[in-house]
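Structure record follows, encoded as structure tokens.
The values are calculated or read from the model by the stated rules, or taken from the named source; none is laboratory data. The model shown is predicted, which means the values in this text are computed figures rather than measured ones. Note that we place each Cβ from the backbone using ideal geometry, even for glycine, and neighbour counts take in every protein chain shown.
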């Protein structure tokens, strides 16, 4: 039986949706190349690396998130994804080759998960405590924990320790000129396709109500979400299974799964990596989880029902992130 042909337009639409994935400072360090009748190659785009991400870990986590988003987008279009990780041993930027096969049936769950890609935002404002957490937590662990990464839900007792670690991170970086210069660049008001827009930043008063969060250049918004006096979020930690490039990449896939599962449950999220970027505070997180390779923390909580929905953060044009090998031009779109 001949292999089913995936129209290039379906793949293009899926990549466009997948690129809503979160990335470090919204740097979007990925590019896709389409090949043949239904193959996409994912590459790390070295031109998009953040200079202070010297190890490239944050870029790999970002690429893992876009890979999982791609899987979700293609499933909603009726295609299953088979991922071959690091298929070119001599090229560490070639992160994955993804083949697609027809799916037997697209469920409402597949469609809802794809819808969650568009609904998800990184929300840096304080959250109310998530409702029905005991019911939701097992679903979250089922979606994200296991083969891709370790997911730990931290107890309330750990919060003060994490808040201390968050403050220590900022103190250790107080005189780090390259870090602050780069943070100012990625949050500047002039970017149109990448970076963190002013609407996604917080004022000093708003930041004071979030005890575990990265300190960004402050804005002068009116005080939003004033009915939430202090952050009541639940804190999660994603830890890599090992210290290889593939382990870090799959941790990014687990990040995507966690964020989308929370969004489907009506919860808001904020991924945080500042605590794992500094050795001293990374060790403090390790003590709390008992796992040696923490990569990402995630705040999860509720926002008031009538809260204003912030605009989506900008993304690079599809033509900048997706190219086609010549044979693809012959495939119907």
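Taking the numbered list (1) in contact with a helix residue (DSSP H, G or I) (Cβ under 6 Å, 6 or more places away or on another chain); (2) surrounded by fewer than 20 Cβ atoms within 10 Å (Cβ to Cβ); (3) in contact (Cβ under 8 Å) with a residue 40 or more places away in the chain; (4) more than 15 Å from residue 66 (Cβ to Cβ) in turn, residue 308 passes all entries but (1). What about residue 212, is it under 23 Å from residue 57 (Cα atoms) and in a strand (DSSP E or B)? No. Among the conditions (1) surrounded by fewer than 20 Cβ atoms within 10 Å (Cβ to Cβ); (2) within 27 Å of residue 261 (Cα to Cα); (3) under 23 Å from the mean Cα position of the chain (by Cα), residue 206 misses just one, which is (1). With respect to the conditions (1) in the same structural domain as residue 46 (by TED's automatic domain parsing); (2) more than 25 Å from residue 47 (Cβ to Cβ), residue 325 falls short on a single one, namely (2). Tell me, yes or no, whether region 231-246 has at least one residue that is surrounded by fewer than 18 Cβ atoms within 10 Å (Cβ to Cβ) and within 27 Å of residue 132 (Cα to Cα). The answer is yes; a qualifying residue exists. Selection over region 73-91 of residues that are more than 14 Å from residue 41 (Cβ to Cβ), outside any strand (DSSP E or B) and either under 21 Å from the mean Cα position of the chain (by Cα) or at pLDDT 95 or above (or both) gives a count of 6. Can residue 257 be described as surrounded by 18 or more Cβ atoms within 10 Å (Cβ to Cβ) and either outside any helix (DSSP H, G or I) or touching a residue at least 60 places away in the same chain (Cβ under 8 Å) (or both)? Spelling it out, residue 257 is indeed surrounded by 18 or more Cβ atoms within 10 Å (Cβ to Cβ) and either outside any helix (DSSP H, G or I) or touching a residue at least 60 places away in the same chain (Cβ under 8 Å) (or both). Just checking, does region 53-70 include any residue being touching a residue at least 60 places away in the same chain (Cβ under 8 Å), surrounded by 18 or more Cβ atoms within 10 Å (Cβ to Cβ) and assigned to a strand (DSSP E or B)? Scanning region 53-70, I find no residue that is touching a residue at least 60 places away in the same chain (Cβ under 8 Å), surrounded by 18 or more Cβ atoms within 10 Å (Cβ to Cβ) and assigned to a strand (DSSP E or B), so the answer is no. Sub-6 Å Cβ pairs linking a first residue in region 99-124 that is assigned to a strand (DSSP E or B) to a second residue that is at pLDDT below 95 and surrounded by fewer than 16 Cβ atoms within 10 Å (Cβ to Cβ), at least 6 apart or interchain, are 102/4, ordered by first then second residue.
Cβ separations smaller than 8 Å between residues 6+ apart or across chains give the following pairs from region 137-151 residues that are under 11 Å from residue 258 (Cβ atoms) to residues that are outside any loop (DSSP other than H, G, I, E, B) and modelled with pLDDT under 85: 151/144. As a summary of the residue check, residue 39 satisfies the conditions (1) over 27 Å from residue 274 (Cα atoms); (2) surrounded by 20 or more Cβ atoms within 10 Å (Cβ to Cβ); (3) in contact (Cβ under 8 Å) with a residue 60 or more places away in the chain except for the one numbered (2). For region 212-228, the candidate set comprises residues that are over 21 Å from the mean Cα position of the chain (by Cα) and touching a residue at least 40 places away in the same chain (Cβ under 8 Å); within that set, the residue that is surrounded by the fewest Cβ atoms within 10 Å (Cβ to Cβ) is 227. Among residues that are more than 16 Å from the chain's Cα centre (by Cα), not in a helix (DSSP H, G or I) and not assigned by TED's automatic domain parsing to the domain that holds residue 58, residue 237 is not included.
For region 170-205, the set of residues classified as closer than 28 Å to residue 315 by Cβ, out of contact with any strand residue (DSSP E or B) (no Cβ under 9 Å at 6 or more places or on another chain) and part of a helix (DSSP H, G or I) consists of 178, 179, 180, 181, 182, 183, 184, 185, 186, listed by residue number.
For region 7-24, the set of residues classified as modelled with pLDDT under 95 and in contact with a helix residue (DSSP H, G or I) (Cβ under 9 Å, 6 or more places away or on another chain) consists of 8 only.
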